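These notes concern the structure reproduced below.
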Amino acid sequence: MEVYEKINFYLKNKKLSKKEFAIRLLVLEPKLKNTNEIPSQNTIYAYLNGRIGIKIELIPYVAEVLDIPEQLLFDDTQRTRKKILKHILETLSGEEKNMLKSKVCDEKSTKHFSLDRFYKIQDLLIYAPDIFLDKLEATLKEYRELALKFN
């Protein structure tokens, strides 16, 4: 799928018209590097219709208007999404960890769940042999089933 097709896909999902998208994009005043000018509304329509290729310097602005990561405009396969998530998890700031914690865990589960402890354990897992990881995975699945059964 071409970039302009992905943009149109996200426009449709977000119920955003091409006109509204163009207006929001122009509000951000994205300047093209070769002309140092903001593209016209007609140029934006040409990008959206695939008549001309979208300039790479516009991608961050397009992603901002669509409220998506830039990478999704190029590749949104499960493999790539996992890579993005892995990178995010490895580089989380304290504030981001707290935000994630508040989104992932409800109040009841956060009383006994520490993201810091989770990350410490995660960092150590690279040293564990496969047989241990297999057993750990099976045990954790059993604990999950028990927790779901009694909650």
- On a 0 to 90° scale, report how tilted helix 130-150 is relative to the longest principal axis of the chain, with both axes built from alpha carbons and the result rounded to the nearest 10. 90 degrees
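Once R0 is set to 25 Å, what does the formula 1/(1 + (r/R0)^6) return for the Cβ-Cβ distance between residue 41 and residue 2, expressed as a FRET efficiency to the nearest 0.05? Spell out each step's value before the answer.
Details: r = 21 Å, r/R0 = 0.83.
Working from the Cβ atoms, E equals 0.75.
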- Query: Using θ = phi - 60° and the Karplus form 6.51 cos²θ - 1.76 cosθ + 1.60, what ³J(HN,Hα) does each residue of the stretch 87-96 get, whole Hz, x for Gly and Pro?
  - Reply: 4, 4, 4, 6, 10, 4, 7, x, 4, 5
- Message: Multiplying the sequence separation of residue 72 and residue 24 by 0.36 nm and subtracting their Cα-Cα distance, what value in nm do you get?
- Response: 15.4 nm
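Which pairs, out of 31/86; 19/101; 86/141; 55/101, put more than 29 Å between their alpha-carbon atoms? Please list the in-between numbers first.
Working: 31/86 32 Å; 19/101 38 Å; 86/141 21 Å; 55/101 37 Å.
Checking Cα-Cα distances, 31/86; 19/101; 55/101 exceed 29 Å.
With only alpha-carbon atoms in the gyration tensor, what are the semi-axes of the equivalent ellipsoid for the stretch 9-71, in Å, largest first? Display every interim value, and only then the final one.
Numbers: eigenvalues 62, 33, 25 Å².
Semi-axes from the Cα gyration tensor: 18, 13, 11 Å.
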- Message: Within the stretch 52-70, list the residues whose amide N lies under 19 Å from a label point set 7 Å along Cα→Cβ of residue 16.
- Response: 54-70
- Task: Restricting things to alpha carbons, find the Rg to Rh ratio for the chain using the Kirkwood radius for Rh.
- Result: 1.13
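All of the numbers you see were taken from the coordinates with simple rules; none came from a lab. Just so it is clear, the structure is predicted and the values come from calculations on it, not from any experiment. We place every Cβ from the backbone using ideal geometry, glycine too, and count neighbours over all the protein chains shown.
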